[in-house]
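Peer 1: Take this structure first; my questions come after.
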Amino acid sequence: MTVHREHPFQGPDRDPVRVLRGRLGGAVTLWTTGAGDDRAGLTVSSVMVANGEPAHVLALVDPDADLAAAVARTGTAVVGLLQWRHRDLADAFAGVAPAPGGVFRTGTWTDSDWGPVLDGVSAWAGVRFAGAGTEVGWSLLLDGTVEHVEVTDADEPLVHRRGRYLRPGADG
C-alpha cells in the first residue's frame, strides 16, 4: 500500500477558486430541518454569522442538495456546531461516507421548533428563512434569521481546511 501526500482523486487542473476556498477553512456545522421521516441535513463549512437585530446565519450550499429543497419547504433549520468526535457523522451528512439506514441513524436527536438537534453539540441555533435562497455563483445562499441559540462549553470544535479535518491549533 502506498500513502500519497496529495489527494488521489484530484486532477492536475484544479479550480483555483476551490483551492482558495479550501485554504480559508472554518468550523464545520450541521444544518438540519424537518421532522419524522421528512428530514434533511447537510454538513456545511461555508458559514457566517451576522450579528444585529435580528441576527442572521448565512451559508453557501449546493442548490441540488436535499437540504436546499427541504429548507424551502419547512422555512426553518437547526445550525449545530460539530466537534472533533463528530467527524464520521460529518462525512456521512456530506455524502462521502456510508450511513446504513440513513444519516439520522448516525446520532441521537432531539426535536425542536426548527428541526432535529444533534444531542451533545457544543452550540446550536434555530433559524427561520424568509425565502428559498439566492443563487450566488454555483451555490445557493441561505440567509436565516436567528430565533434561538444554545451554547455550552466548547469541546474540540471540528475544523475543515484544505479538504481535511483538523484539531484546533493543528497546522494545515
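Peer 1: Keeping to the stretch 80-96, report how many residues are part of a strand (DSSP E or B) and aliphatic (A, V, I, L, M).
Peer 2: So the answer is 1.
Peer 1: Okay, next question. Just checking, which of T43, T74, T108, T32 is of a type in the set (V, I, T) and loosely packed, with under 15 Cβ neighbours inside 10 Å?
Peer 2: Details: T43 fails: loosely packed, with under 15 Cβ neighbours inside 10 Å; T74 fails: loosely packed, with under 15 Cβ neighbours inside 10 Å; T32 fails: loosely packed, with under 15 Cβ neighbours inside 10 Å.
Selected residue: T108, the only one of T43, T74, T108, T32 that is of a type in the set (V, I, T) and loosely packed, with under 15 Cβ neighbours inside 10 Å.
Peer 1: Does the stretch 18-27 contain at least one residue that is at pLDDT 90 or above and farther than 13 Å from V127 by Cβ?
Peer 2: no
The rows are residues; the columns are (1) at pLDDT 95 or above; (2) of a type outside the set (A, V, I, L, M, F, W, C); (3) not in a strand (DSSP E or B).
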{"site": "P98", "(1), (2), (3)": "no, yes, yes"}
{"site": "F104", "(1), (2), (3)": "yes, no, yes"}
{"site": "D113", "(1), (2), (3)": "yes, yes, yes"}
{"site": "V117", "(1), (2), (3)": "yes, no, no"}
{"site": "A125", "(1), (2), (3)": "yes, no, no"}
{"site": "A132", "(1), (2), (3)": "no, no, yes"}
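Peer 1: Here's something else I'd like to know. Limited to the stretch 61-79, what total is found for residues that are in contact with a helix residue (DSSP H, G or I) (Cβ under 9 Å, 6 or more places away or on another chain) and in a strand (DSSP E or B)?
Peer 2: 2
Peer 1: Contact list please: Cβ distance under 9 Å, first residue in the stretch 156-169 and farther than 16 Å from L20 by Cβ, second residue crowded, with 16+ Cβ neighbours inside 10 Å and acidic (D, E), pairs at least six apart or on different chains.
Peer 2: Y165/D91
Peer 1: Could you tell me which residue of the stretch 111-149 is nearest to the chain's Cα centre (by Cα), considering only residues that are charged (D, E, K, R) and surrounded by 14 or more Cβ atoms within 10 Å (Cβ to Cβ)?
Peer 2: Applying the filter and picking the extreme gives D143.
The values are calculated or read from the model by the stated rules, or taken from the named source; none is laboratory data. All figures in this text were calculated on a predicted structure; none of them were measured in a lab. FYI the Cβ positions are ideal-geometry reconstructions off the backbone, even for glycines, and counts take in every protein chain you see.
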